[in-house]
Amino acid sequence: MQAHTSLVELNAGQAAEVLKIRGGYGIQRRLQALGIRPGAIVRKVSAALRPGAVVVAAAGGQAALGYGVARKVIVEGRP
Amino acid sequence: MKRILLMGNPNVGKSAVFSRLTGARVISSNYPGTTVEFTQGVMNIGEEKALLIDVPGAYDLEATSQAEAIAIGMLREGDVVINVVDATNLERGLGLTLRLLEKKTRMLVALNMWDEARHKGIAIDVAKLESALGVPVVPIVAISGEGIKALVVRIPEARAADVPERPEAVHWAEIGRIVAATQSVTHRHRTFLEALGDASVRPFAGIFIAALIMIASFGAVRFIGETLIGALCEPLFEGLWKPLMMRLSQALRPGSLLHGIVIGKLVDGDVDFVQSFGLLTTGLFVPLGMVLPYVFSFYVVLGFLEDFGYLPRLAVLLDTMMHRMGLHGWAIIPSLLGLGCNVPGILAIRILETRRERFIAATIISIGVPCAALQAMIWGLLGRHGGRYVLIVYGTLFLAWAVLGRFLNLVLKGRSPELIMEIPPYRLPSPRVLARKVWMRMAAFLREAVPVVMLGVLIVNALYFLGVFDAVAEWTAPVMTRVLGLPKEAVAAMAVGFLRKDVAVGMLGALDMTAGQLTVAVTVLAMFFPCIASFVVLWKELGWADLGRSVLLMLASSLAVGAALNAVLR
């Protein structure tokens, strides 16, 4: 069992369910368009060395999120 | 004429569809944001003609970047929308589709990349999707042309559906429902390209791959360029054109005014394609014999990287570095485009969200990114003295680019937005599409650069003849000689740099300078002022006030860097 973490802490290769996005309306909307929204299952592809960008697979595609954004995406790891 | 808009998410192939429907040539690539302004062309629907408009990509109908704002503004002006959706990513695409439907847009959906979806094991029930959306849906493959005829036939069936406006959460739940009902995915093993794509963004493997790609790209550009010059351009100019010019020279009599304009001056009784400076000698040789081979080789390599889908991954790797300069990773793409020509590089900054970012990006491109024409001349002339000097120029320009970005980030108020960007899959470039893109960019060079080069050569001769350069040289001599350690005549080349930098380097080559002096001169020339084409674009994109600030930075930094280089190399 893994507690709630952000996309930054999630291990590369791990899948997770998005719980919430701690960001303003603008960021929420842009992330939703890329398939990152509460309830969605995403998989972290990789992260650059901190504080680098994070790449996640979501909604059939991949998206890159800057460190500051990735930190705001709260997820729960899935086995 | 009816107006038809092509709309869709970034990087779903709108430009490829546009090329197919109009036969017009537009640039398409494999990264979001290739189209930052709208392009229009005429297409035939049966007997009728319609105006087709290629709109920049948008994820929904609320603008976050200038390019998205353009897209939304255009929606009001269209009669029909062809909504292009990437079949490999239905969910993402329907986000915009439903928003368009809510606005009662008369539309139909083109489900692009149908072949790739099939390869990925994605099956979409087109009939079901049609009834779910209430508008026609046509599967197509824009790159090969499959399904395009069926799409055109169904344009008249475009209609507005009855869809209520939904709040964000309900909106995506509805899309989830539609996707679940119409799409089935068969699981399938990861392909080599997918594995390579994932490795390209991993910290260590990614940096290794990036270094490999950079070295290979640089090597390929040099190899193709050198080979073309050695095997084609030099023999043509030296073997065929020169004897012709010598005969013309005799006919015109050296020393006459016409001879001076057409042939230029003879060097040791011979035509010298770099130094003679006549319209038909230097005026043709610089753009066609020295620059064009490199323009070609640069765009072959860049085009391959663009269509393969490498650039967004480079953006991910460089995100941290770019943040130090007040930008995010995507901003590396305009700088890379600028290595071909600064004009498309500066246009590409439109996708950046804030005015601050656009100012920083445009300024560092103008100062630290040498265009292909300038680079070709630097290799051609400075390279003769040894690769070491060329390396000094590149190293200095890169440092100026990075340091200036860092400086601007520290002094300008505000902060840099975060990177949020989709990463397209790697795709093997279609040779036909790549060849057409290279050809378009070369044609643009021939159309826009060659006349300006000729004009430059003409003006240089006129100003020399009138003694203008001599007067200016006296006036600026203190700066040129004391600060930069250059002969005072070098100011003429700097002035011509405003017209075209390749011509300017040619003029520097004609001066008697040491390798060190030439190094200082080309570095200052690269940094100190944009050429006229870039200047106009900078003005349009930044406005007068920011252009003024940018130009001041260029003048100050080029003088500082020139003086420092002079002190080191003297």
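The values are calculated or read from the model by the stated rules, or taken from the named source; none is laboratory data. Note that the structure is predicted; figures quoted are calculated from it, not measured. As a convention, Cβ positions derive from the backbone with ideal geometry for all residues, glycine included, and neighbour counts pool all protein chains shown.
With the requirement that a residue be more than 22 Å from B:Pro417 (Cβ to Cβ) and at the interface with another protein chain (Cβ under 10 Å from one of its Cβ atoms), what does the range A:14-44 give you? Once the filter is applied, which keeps residues that are more than 22 Å from B:Pro417 (Cβ to Cβ) and at the interface with another protein chain (Cβ under 10 Å from one of its Cβ atoms), the range A:14-44 yields A:Pro38, A:Gly39, A:Ala40.
In this structure, does B:Ala195 turn out to be within 14 Å of chain A (Cβ to nearest Cβ), in a helix (DSSP H, G or I) and closer than 30 Å to A:Ala33 by Cα? Yes, satisfied. Annotation note: of B:Gly134, B:Gly147, the sole residue that is at positive phi, within 36 Å of the chain's Cα centre (by Cα), modelled with pLDDT of 95 or more and assigned by TED's automatic domain parsing to the domain that holds B:Glu62 is B:Gly147. Checking B:Leu244, B:Leu248 one by one, the residue that is surrounded by 12 or more Cβ atoms within 10 Å (Cβ to Cβ), in a helix (DSSP H, G or I) and more than 35 Å from the chain's Cα centre (by Cα) is B:Leu248 and no other. Looking at the range B:301-365, the helices (runs of 4 or more DSSP H) lying wholly inside it that each contain 2 or more residues that are away from chain A (no Cβ under 14 Å) and touching a residue at least 24 places away in the same chain (Cβ under 8 Å) sit at B:332-338, B:342-347. Kindly indicate which of A:Ala64, A:Ala33, A:Ala40, A:Ala58 is modelled with pLDDT of 95 or more, of a type in the set (A, V, I, L, M, F, W, C) and within 26 Å of B:Gly57 (Cα to Cα). Only one candidate passes the filter, namely A:Ala64.
Being in contact (Cβ under 8 Å) with a residue 60 or more places away in the chain and of a type outside the set (Lys, Arg) narrows it down to one of B:Val468, B:Val453, so name that one.
So the residue among B:Val468, B:Val453 that is in contact (Cβ under 8 Å) with a residue 60 or more places away in the chain and of a type outside the set (Lys, Arg) is B:Val453.
When the range B:93-124 is filtered for residues that are assigned to a helix (DSSP H, G or I), within 14 Å of chain A (Cβ to nearest Cβ) and among the hydrophobic types (A, V, I, L, M, F, W, C), the ones remaining, listed by number, are B:Leu94, B:Leu96, B:Leu98, B:Leu100, B:Ala117. Might you check whether a residue that is crowded, with 18+ Cβ neighbours inside 10 Å, within 14 Å of another protein chain (Cβ to nearest Cβ) and not β-branched (Val, Ile, Thr) occurs anywhere in the range B:482-492? The answer is no, given that none of the residues of the range B:482-492 is crowded, with 18+ Cβ neighbours inside 10 Å, within 14 Å of another protein chain (Cβ to nearest Cβ) and not β-branched (Val, Ile, Thr). Among the residues making up the range B:300-323, a single one is modelled with pLDDT of 95 or more and hydroxyl-bearing (Ser, Thr, Tyr): B:Tyr310.
Apart from one condition, A:Leu7 fits all of (1) within 11 Å of the chain's Cα centre (by Cα); (2) surrounded by 23 or more Cβ atoms within 10 Å (Cβ to Cβ); (3) within 11 Å of chain B (Cβ to nearest Cβ); (4) not aromatic (Phe, Trp, Tyr); the exception is (3). A count restricted to the range A:48-68 and to residues that are at the interface with chain B (Cβ under 7 Å from one of its Cβ atoms), crowded, with 24+ Cβ neighbours inside 10 Å, touching a residue at least 24 places away in the same chain (Cβ under 8 Å) and part of a strand (DSSP E or B) stands at 2. For the residues B:Leu133, B:Leu196, B:Leu111, the requirement of being of a type outside the set (Phe, Trp, Tyr), in contact with a helix residue (DSSP H, G or I) (Cβ under 9 Å, 6 or more places away or on another chain) and more than 26 Å from B:Tyr59 (Cβ to Cβ) singles out B:Leu196. If you check B:Thr182, B:Thr186 for being of a type in the set (S, T, N, Q) and surrounded by 15 or more Cβ atoms within 10 Å (Cβ to Cβ), only one passes: B:Thr182.
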